[in-house]
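**Q** There's a structure below that I have some questions on.
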Amino acid sequence: MRHGTPTAGGRPDGGCFFVGRDRELRRLRTDLESAGLGTLAGRPAPHSRVLLVAGRPGSGRTTLAEAFVREVAGRYPDGVLRARLTDPGGMPVPTERTARDLLTALGAGGAPPGADPDDLTAVLRSELARRRVLLFCDDVAAAEQLGELVPENRDCLVVAVASGPLTGVPDIRPCAMGGIDRAAAVELLRSRVGTSPRLTVDPRRAESLAEACGDLPAALRMVGGWLAARPKLSVSDATAQLLGTPDGHPDTGGTSGTRTPDFLARAFHLVAGSLPAPAGRLLRFLAVAPAGFVDAQHASALTGCSPETAEETLHRLHALGLLHHAAPGCWTVPGCLDPLLRAELDARERPAEVMLARARMLERTVRRLHACRAVTEPPGSPARTKLAGMPRPLRFDSAREARDWLELRRPSLLAAARLAVAEGAGELDTLLRRLVHALGRCFAAHRTPEEAAPEVYRLQELALQVAERRALEPDRAAALLALADMDAAAGRLAAAGDRYRRALDAARACRDGVAATVIPERLGDTHGRLGDWARAADWYGRALSLRESAGDPHEVARLHGLVADAQARNGDTGEALRTWRAAAALHRRLRDPAGRGRALGEVGRLQQRRGRPDEALRSCREALAEARRARDPLLQAELRMCLADVCDAAGDPVAAARHRSAGEELRDLTER
């Protein structure tokens with residue numbers, strides 16, 4: 001897919017007419033087959049071969065690379081991975097995001113959400129080290145980006161596309177390219193113009209038109225589509241109009257007073273300038289489309305037209321070579337045209353109009369996300385009732401259709417959230433909060449928790465940025481708590497503890513009693529996992545006090561157990577014994593025999609540790625009686641084993657053997 005989703009196997013839309021690159025393809029084949037410098041020196045490189053297709057935007061560099069990838073993909077049985085390393089707007093894609101997306105395409109786990117980029121690239125290299133894959137990296141911005149992704153496996157191949165050389169990548173094989181040869185350029189024009197004889201009856205004029213396009217495939221496609229839409233226009237008149245179109249760059253003069261024209265910009269301005277005003281306005285606003293991905297609903301929201309009109313216009317723009325086809329009903333903005341569209345948008349649209357278009361697009365996206373989640377709810381539920389009242393184009397007929405929609409648009413949806421934070425200047429924060437919430441719920445509805453976790457982590461980081469920018473303490477507490485939970489689950493305990501404390505401060509500042517009650521217990525868990533049982537007992541004690549103030553006896557009883565366990569692990573058996581007894585008394589008042597049995601069992605264990613076997617024996621017998629009342633065979637088995645240990649310590653091996661045998665029988669029964 002052209003909008004940069006890494007995919008395992010398959011290939012993106014190959015509908016572009018491909019011609020005139022035989023020399024470059026032969027060069028790439030030779031570079032693939034020839035031995036590297038290290039191999040010739042007797043020191044084979046420990047990493048995969050890297051082939052670079054270098055050329056300026058519009059030269060067809062990606063199309064050439066894709067053609068070569070299709071040609072050699074059969075040699076790599078584990079498939080083709082694709083990633084775009086530059087976002088629309090020219091910003092390099094963070095390594096963490098690229099590595100995460102490639103791991104997802106491989107179907108590999110092992111990298112928790114929020115992992116360090118170095119850890120992610122290490123996991124990616126480990127996965128690639130045992131596979132034979134072809135890694136295609138488009139729009140590489142810097143050598144460092146590529147160097148971190150190159151597999152340490154000679155059975156893999158990396159094909160990279162960039163504007164220039166990538167110095168610093170070892171043993172890279174560059175293939176520089178410019179325009180295609182003149183005959184191929186005319187053939188490309190002929191393929192775009194169709195059956196019209198205009199190019200065949202006057203081949204010299206056709207060559208002049210190709211020359212005016214700089215023999216650049218992107219320019220040739222646009223001009224060819226523009227000429228096909230004007231069947232009565234002669235080739236010579238088309239050439240004159242193209243040569244008379246400014247390319248948008250000032251003439252800097254120089255010693256000769258001339259400069260090389262920007263062929264791509266000149267062709268773009270000719271074609272874009274010929275559009276009707278509504279179509280031209282929609283074209284400019286496509287610069288706002290997240291990740292350059294657009295469908296009829298997006299386009300409709302950007303300009304306020306109907307979806308039917310938007311779809312008709314998108315088909316027309318595609319026919320003119322201004323869009324690439326991505327999937328049925330979906331298109332992407334060619335990367336080479338993105339800077340030109342942004343320049344046009346800045347020059348011809350007011351910032352307030354651009355912001356309004358962003359807001360309309362986000363609002364439409366949130367509504368579709370609500371429909372995407374609602375279709376997973378049971379029939380007759382409030383969500384399904386609300387879904388039935390939505391306009392038909394926004395609804396989904398099945399959960400499968402909604403999931404496919406979500407997966408296809410996942411990169412653009414995440415890009416929409418990132419752009420709203422980075423470029424919204426705070427004006428879109430309310431919509432962004434709704435988008436993050438809706439997107440998170442969609443991922444939870446259509447994916448497993450493990451699949452959804454990386455995206456949810458990214459979304460919570462964005463929500464935290466907005467909450468801190470707008471000083472929204474409830475949102476800040478919620479985002480910090482969610483991130484801390486995921487950090488703790490991933491084993492990043494120090495980071496989790498810091499976020500829990502910040503979340504607690506935010507919860508107290510906004511008087512969020514629920515969060516302020518939950519967080520101390522999470523801090524106790526975190527310190528316990530770090531082995532700091534004194535602090536764990538302190539935080540559990542704070543959580544216990546809050547639960548007592550809230551009047552929640554069941555939670556108070558449970559927290560008594562956590563406090564007592566932390567005290568015992570910290571070596572304070574006296575305090576732990578008193579706390580377990582308090583827990584047992586509370587379970588008795590709550591008429592919870594299983595809870596009381598567990599608490600009394602812990603009392604017996606502590607009494608045994610303190611050298612009081614007779615008291616331990618009484619406590620454990622009482623605990624066993626409670627377990628029988630609760631009809632909990634697993635707890636009975638555990639307490640029988642505890643009684644066996646106490647009897648051994650009391651010098652009664654016969655009773656110990658009896659209890660141990662009974663405990664083993666109960667365990668066997670529960671395991672069947």
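**Q** Select, from Val366, Val294, the only residue that is in a helix (DSSP H, G or I), in contact with a helix residue (DSSP H, G or I) (Cβ under 9 Å, 6 or more places away or on another chain) and of a type outside the set (D, E, K, R). Walk me through it before giving the result.
**A** On the way: Val294 fails: in a helix (DSSP H, G or I).
Just a single option satisfies the conditions, and that option is Val366.
**Q** Out of the residues in the range 166-189 that are at pLDDT below 90 and farther than 19 Å from Arg23 by Cβ, state the one that is surrounded by the fewest Cβ atoms within 10 Å (Cβ to Cβ).
**A** Thr167
**Q** Condition test on Leu472, is it touching a residue at least 40 places away in the same chain (Cβ under 8 Å) and aliphatic (A, V, I, L, M)?
**A** Details: touching a residue at least 40 places away in the same chain (Cβ under 8 Å): no; aliphatic (A, V, I, L, M): yes.
Answer is no for this residue.
**Q** Take the residues in the range 352-382 that are of a type in the set (S, T, N, Q) and within 26 Å of the chain's Cα centre (by Cα); name whichever of them is surrounded by the most Cβ atoms within 10 Å (Cβ to Cβ). Before you say what the answer is, go through the steps one by one.
**A** As a first pass, look at the range 352-382 and keep what is of a type in the set (S, T, N, Q): 365, 376, 381.
Still in the list and also within 26 Å of the chain's Cα centre (by Cα): 365, 376.
On the way: Thr365: 25, Thr376: 19.
Ranking the qualifying residues of the range 352-382, first place goes to Thr365.
**Q** Read through the list (1) at pLDDT below 90; (2) touching a Gly at 6+ places or on another chain (Cβ under 9 Å); (3) outside the structural domain of Gly214 (by TED's automatic domain parsing), then give the number of the only condition that Asp118 fails.
**A** Against the list (1) at pLDDT below 90; (2) touching a Gly at 6+ places or on another chain (Cβ under 9 Å); (3) outside the structural domain of Gly214 (by TED's automatic domain parsing), Asp118 comes up short only on (2).
**Q** Could you please let me know if Leu317 is surrounded by 21 or more Cβ atoms within 10 Å (Cβ to Cβ), modelled with pLDDT of 95 or more and within 24 Å of the chain's Cα centre (by Cα)? Before the answer, list the steps.
**A** Values: surrounded by 21 or more Cβ atoms within 10 Å (Cβ to Cβ): yes; modelled with pLDDT of 95 or more: yes; within 24 Å of the chain's Cα centre (by Cα): no.
Judged against the criteria, Leu317 is not a match.
**Q** So, one more: Looking at this structure, is Glu312 at pLDDT 95 or above and not in a strand (DSSP E or B)? Break it down stepwise before answering.
**A** On the way: at pLDDT 95 or above: yes; not in a strand (DSSP E or B): yes.
Spelling it out, Glu312 is indeed at pLDDT 95 or above and not in a strand (DSSP E or B).
**Q** Determine whether Ala516 is under 22 Å from Gly426 (Cα atoms) and among the small types (Gly, Ala, Ser).
**A** Working: under 22 Å from Gly426 (Cα atoms): no; among the small types (Gly, Ala, Ser): yes.
Here the answer is no, as Ala516 does not meet what is asked.
**Q** If you take the residues in the range 505-526 that are over 28 Å from the mean Cα position of the chain (by Cα) and over 18 Å from Leu559 (Cα atoms), which one is modelled with the lowest pLDDT?
**A** Within the range 505-526, the subset over 28 Å from the mean Cα position of the chain (by Cα) is 505, 507-514, 516-518, 520-521, 523-525.
Remaining after also requiring over 18 Å from Leu559 (Cα atoms): 505, 507-512.
Details: Asp505: 94, Ala507: 93, Arg508: 92, Ala509: 92, Cys510: 91, Arg511: 87, Asp512: 84.
Here the answer is Asp512.
**Q** Identify, please: which residue in the range 510-530 is crowded, with 21+ Cβ neighbours inside 10 Å and of a type in the set (Val, Ile, Thr) and is, among those, farthest from Arg470 (Cα to Cα)?
**A** Thr526
**Q** Shifting gears a bit: Those residues that are in a loop (DSSP other than H, G, I, E, B) and touching a residue at least 60 places away in the same chain (Cβ under 8 Å), I need them from the range 63-77; list them, please.
**A** Filtering the range 63-77 down to residues in a loop (DSSP other than H, G, I, E, B) leaves 76-77.
Listed by number, the list holds a single entry, Tyr76.
Listed here are the residues, each with its yes/no results for (1) under 27 Å from Leu459 (Cα atoms); (2) of a type in the set (Gly, Ala, Ser); (3) without any contact (Cβ under 8 Å) to a residue 24 or more places away in the chain.
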position: Gly497; (1), (2), (3): yes, yes, no
position: Val518; (1), (2), (3): yes, no, no
position: Gly528; (1), (2), (3): no, yes, no
position: Glu548; (1), (2), (3): no, no, yes
position: Gly561; (1), (2), (3): no, yes, no
position: Arg569; (1), (2), (3): no, no, no
position: Trp580; (1), (2), (3): no, no, no
position: Leu586; (1), (2), (3): no, no, no
position: Arg596; (1), (2), (3): no, no, no
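**Q** Still on this structure, please answer the following. Would it be correct to say that Leu264 is closer than 22 Å to Arg182 by Cα, within 38 Å of the chain's Cα centre (by Cα) and modelled with pLDDT of 90 or more? Show your work before the answer.
**A** Working: closer than 22 Å to Arg182 by Cα: yes; within 38 Å of the chain's Cα centre (by Cα): yes; modelled with pLDDT of 90 or more: yes.
Yes; evaluated as a whole, the condition is true for this residue.
**Q** I want to confirm something. Restricting to the range 119-145 and keeping residues that are farther than 20 Å from Thr63 by Cβ and touching a strand residue (DSSP E or B) at 6+ places or on another chain (Cβ under 7 Å), which single residue is surrounded by the most Cβ atoms within 10 Å (Cβ to Cβ)? Let's see the steps before the verdict.
**A** Filtering the range 119-145 down to residues farther than 20 Å from Thr63 by Cβ leaves 119-133, 142-145.
So of that shortlist, the ones also touching a strand residue (DSSP E or B) at 6+ places or on another chain (Cβ under 7 Å) come out as 133, 142, 145.
On the way: Val133: 26, Ala142: 13, Gln145: 23.
Among those that are farther than 20 Å from Thr63 by Cβ and touching a strand residue (DSSP E or B) at 6+ places or on another chain (Cβ under 7 Å), it is Val133.
**Q** Answer yes or no: is there a residue in the range 184-201 that is on the phi > 0 side of the Ramachandran plot, assigned to a loop (DSSP other than H, G, I, E, B) and in contact with a helix residue (DSSP H, G or I) (Cβ under 6 Å, 6 or more places away or on another chain).
**A** Narrowing the range 184-201 to residues on the phi > 0 side of the Ramachandran plot: 194.
Imposing the further condition that a residue be assigned to a loop (DSSP other than H, G, I, E, B) reduces the set to 194.
Restricting the remaining residues to those that are in contact with a helix residue (DSSP H, G or I) (Cβ under 6 Å, 6 or more places away or on another chain) gives 194.
Scanning the range 184-201, I find at least one residue that is on the phi > 0 side of the Ramachandran plot, assigned to a loop (DSSP other than H, G, I, E, B) and in contact with a helix residue (DSSP H, G or I) (Cβ under 6 Å, 6 or more places away or on another chain), so the answer is yes.
**Q** Any residue in the range 327-340 that is not assigned by TED's automatic domain parsing to the domain that holds Ala141 and surrounded by fewer than 22 Cβ atoms within 10 Å (Cβ to Cβ) sitting within a Cβ distance under 8 Å of a residue that is of a type in the set (D, E, K, R) and assigned to a helix (DSSP H, G or I)? List the pairs, counting only those 6 or more apart or interchain.
**A** Between residues of the range 327-340 that are not assigned by TED's automatic domain parsing to the domain that holds Ala141 and surrounded by fewer than 22 Cβ atoms within 10 Å (Cβ to Cβ) and residues that are of a type in the set (D, E, K, R) and assigned to a helix (DSSP H, G or I), the close pairs are Gly329/Glu311.
**Q** So if I check each of Arg61, Arg26, Arg70, which one is buried (at least 19 other Cβ atoms within 10 Å of the Cβ), under 30 Å from Arg221 (Cα atoms) and at pLDDT 85 or above? Even if it seems obvious, please write down each step before you answer.
**A** Numbers: Arg26 fails: buried (at least 19 other Cβ atoms within 10 Å of the Cβ); Arg70 fails: buried (at least 19 other Cβ atoms within 10 Å of the Cβ).
It is Arg61.
**Q** May I ask you to list the residues in the range 320-351 that are over 26 Å from the mean Cα position of the chain (by Cα) and outside any helix (DSSP H, G or I)?
**A** Residues satisfying the conditions are Leu320, Gly321, Leu322, Glu349, Arg350.
The values are calculated or read from the model by the stated rules, or taken from the named source; none is laboratory data. Note that the structure is a prediction, hence the values are computed from the model and not measured. Please note: Cβ atoms are built from the backbone with ideal geometry, for glycine as well, and neighbour counts cover all protein chains shown.
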